[in-house]
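Step one of this worksheet: look at the structure below.
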Amino acid sequence: MSLAVLHSRALDGLAAPEVTVEVHLANGLPSFTLVGLADTEVKEARERVRAALLHSGFEFPTNKRITVNLAPADLPKESGRFDLPIALGILAASRQIDAERLARYEFAGELSLAGDLRPVRGALAMSLALRRLGTQRALVLPQLSAREAALVDGLTIHPAAHLLEVVQMLLPGDAAQTLPTAVAERRTTSASTLDLRDVKGQAGAKRALEIAAAGGHSVLMVGPPGTGKSMLAQRFAGLLPPLSEMQALESAAVLSLNNSFDPRRWGQRVLRTPHHSASSVALVGGGSPPRPGEISLAHEGILFLDELPEFQRAALEALREPLETGRIVISRAARQAEFPARFQLIAAMNPCACGHHGSALRACRCSPDSIARYQGRLSGPLLDRIDVQVEVPAVPAPVLAVAPDGETSAAVAARVAAAQARQHERQGCLNAALAGDAIDVHCALSPQTTQFLQNAAARLGWSARSFHRVLRIARSVADLAGEPQLQTAHVAEAIQSRRVLASAA
Ligand SMILES: [Zn+2]
């Protein structure tokens, strides 16, 4: 009888909990049993491991009873990532490699039938978990996965292209060879070259985006087709400060769960632009095993939802929780998975079905009923959570004919960076995240300004939630101006920024 124990990691949301792989060889009726995986996955893993070992020239113990146990049993496990530790466990239990050496490493990788190692998803989540734990174990991963995992500093990560390379590291005695160490590729290509200056006119919308960027507020742009809403959204990331190291790692780690992290985009804010036909699962996440949705792939970046009323109602309603909490919990059967989802929402819509309601340039063909129905597709509670609402009107031809004369993205970004620095120094978070007592402390008003705001709120029939939202936006307006104290002018501009849709009370 012989036993080998190896370490690996599963994926559970962005967490990568430890999995122990135990391989047990015994005399008895020949069999190959895997415990702790779904049936279909067991079958596939067995075939891959057996073929990979034989093709690589090893002995497969066909005359033994092989039992593989993946523990703990109640963790979600995708089979592919455990191929490498299972194959090594069989080699160790049958004394073809040195079992003593296994304790220093964690292994993950899917095997091809010929023994090649294929990348696993979520490699960055594994290395983030190792760093959090402060463990001394080195990670052995397929090449592409290793390059990704190496973005986390302070760990030893060995890339391998084939099962044989890993085995050479684990040979008994002096025969063992060291594997190379993976080096992170942080090729930050220059960020987007799209500049706010390219968008002609639209001073009001540009100002609204500046306020939103300064305080981390979500934005809804309302206007006819072809007025530059998409152009403005594509330029929004250029107004924001660079990501911190931790933000960049988290963003990359979530993208890596979906195999969509590109090292060339390291440290850049993601812009996700799902189509309005996207399902609820595609937008907020789900499936089995649970995968992150667009809102999580946009973590620390921007989620642009064009033609907002065209999205499925259920998908839009599912945005409410993450807009408040910055995370999403996906429940499926008895399990829950949590993904981060701190995204900045930029939404756009036409004011009516034909798109020209309120336009000075073209007549709207919609009846008042149909306009109300169109805008009514967005629920009050959802609109309530979108901080800034701004009109993006049709631009008259003479304005479009002149050369660009507006501010550059860099000029706006400098003011935004200064405003954000003030917020972090004063309250440790952006204004959009201010809650409870912190609003009273940091958004204190003079009696006169209080009266002004209360009158407006009564006239517009605002909820308490809307009232607080205006205070947070006013705080961002004041921070852009470098004013410690909120003035009536700041509050007045904030009120203007929430008055586009009649139903947005
Ligand atoms: Zn219309």
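The values are calculated or read from the model by the stated rules, or taken from the named source; none is laboratory data. Predicted model only: the values in this text are computed from it and were never measured. Neighbour counts are summed over all protein chains in view; Cβ atoms, including those assigned to glycine, are modelled from backbone coordinates with ideal geometry.
Please find, among LEU382, LEU471, LEU430, LEU400, the residue that is among the aliphatic types (A, V, I, L, M), closer than 20 Å to GLN496 by Cβ and either away from the ligand (no atom under 16 Å from the Cβ) or more than 26 Å from the chain's Cα centre (by Cα) (or both). Lay out the reasoning, then the answer.
Details: LEU382 fails: closer than 20 Å to GLN496 by Cβ; LEU430 fails: closer than 20 Å to GLN496 by Cβ; LEU400 fails: closer than 20 Å to GLN496 by Cβ.
Selected residue: LEU471, the only one of LEU382, LEU471, LEU430, LEU400 that is among the aliphatic types (A, V, I, L, M), closer than 20 Å to GLN496 by Cβ and either away from the ligand (no atom under 16 Å from the Cβ) or more than 26 Å from the chain's Cα centre (by Cα) (or both).
Could you grab the pairs with beta carbons closer than 9 Å, sequence gap of 6+ or different chains, first residue in the range 363-380 and within 14 Å of MET349 (Cα to Cα), second one of a type in the set (S, T, N, Q) and within 9 Å of the ligand (Cβ to nearest atom)?
Final answer for the pair search is TYR374/ASN350.
I need the helices (runs of 4 or more DSSP H) fully contained in the range 378-462, keeping only those with at least 3 residues that are out of contact with any strand residue (DSSP E or B) (no Cβ under 8 Å at 6 or more places or on another chain) and surrounded by 11 or more Cβ atoms within 10 Å (Cβ to Cβ).
Numbers: elements: 380-384, 397-401, 409-427, 437-442, 447-460.
The helices (runs of 4 or more DSSP H) meeting that bar are 380-384, 409-427, 437-442, 447-460.
If you check LEU323 against the conditions, is it under 19 Å from LEU243 (Cα atoms) and either among the aromatic types (Phe, Trp, Tyr) or away from the ligand (no atom under 16 Å from the Cβ) (or both)? Reasoning before the result, please.
On the way: under 19 Å from LEU243 (Cα atoms): no; either among the aromatic types (Phe, Trp, Tyr) or away from the ligand (no atom under 16 Å from the Cβ) (or both): yes.
So LEU323 fails the test.
Which count do you get for residues in the range 352-377 that are surrounded by 15 or more Cβ atoms within 10 Å (Cβ to Cβ) and near the ligand (Cβ under 7 Å from one of its atoms)?
Final tally of qualifying residues: 9.
For the condition more than 13 Å from the chain's Cα centre (by Cα) and farther than 30 Å from ALA146 by Cβ, what is the one hit in PRO289, PRO274?
Details: PRO289 fails: farther than 30 Å from ALA146 by Cβ.
When all the criteria are applied, what remains is PRO274.
Conditions first: (1) polar (S, T, N, Q); (2) within 26 Å of GLY216 (Cβ to Cβ); (3) over 16 Å from the mean Cα position of the chain (by Cα). GLN312 passes all but one, so which condition is the exception?
Against the list (1) polar (S, T, N, Q); (2) within 26 Å of GLY216 (Cβ to Cβ); (3) over 16 Å from the mean Cα position of the chain (by Cα), GLN312 comes up short only on (2).
So, in the range 267-290, exactly how many residues are over 24 Å from HIS217 (Cα atoms) and surrounded by fewer than 21 Cβ atoms within 10 Å (Cβ to Cβ)? Write out each step before concluding.
Taking the range 267-290 first, the residues over 24 Å from HIS217 (Cα atoms) are 277, 279, 281, 286-290.
Still in the list and also surrounded by fewer than 21 Cβ atoms within 10 Å (Cβ to Cβ): 277, 279, 281, 286-289.
Final tally of qualifying residues: 7.
Return the residues of the range 55-70 that are exposed (fewer than 15 other Cβ atoms within 10 Å of the Cβ) and out of contact with any Pro (no Cβ under 7 Å at 6 or more places or on another chain); say none if nothing qualifies. First the steps, then the outcome.
Quick first cut of the range 55-70, residues exposed (fewer than 15 other Cβ atoms within 10 Å of the Cβ) only: 57, 59, 62-63.
GLY57, GLU59, listed by residue number.
Identify, from the list ARG131, ARG81, ARG121, the residue that is surrounded by fewer than 17 Cβ atoms within 10 Å (Cβ to Cβ) and either part of a helix (DSSP H, G or I) or of a type in the set (Lys, Arg) (or both). Break it down stepwise before answering.
Details: ARG81 fails: surrounded by fewer than 17 Cβ atoms within 10 Å (Cβ to Cβ); ARG121 fails: surrounded by fewer than 17 Cβ atoms within 10 Å (Cβ to Cβ).
Unique residue meeting the criteria: ARG131.
Is there a residue being in contact with a Leu (Cβ under 8 Å, 6 or more places away or on another chain), at pLDDT below 90 and either closer than 17 Å to ARG313 by Cβ or not in a strand (DSSP E or B) (or both) anywhere in the range 357-374?
Within the range 357-374, not a single residue is in contact with a Leu (Cβ under 8 Å, 6 or more places away or on another chain), at pLDDT below 90 and either closer than 17 Å to ARG313 by Cβ or not in a strand (DSSP E or B) (or both).
Can we say PRO142 is closer than 21 Å to SER56 by Cα and under 24 Å from the mean Cα position of the chain (by Cα)?
On the way: closer than 21 Å to SER56 by Cα: yes; under 24 Å from the mean Cα position of the chain (by Cα): yes.
When the stated conditions are applied, PRO142 passes them.
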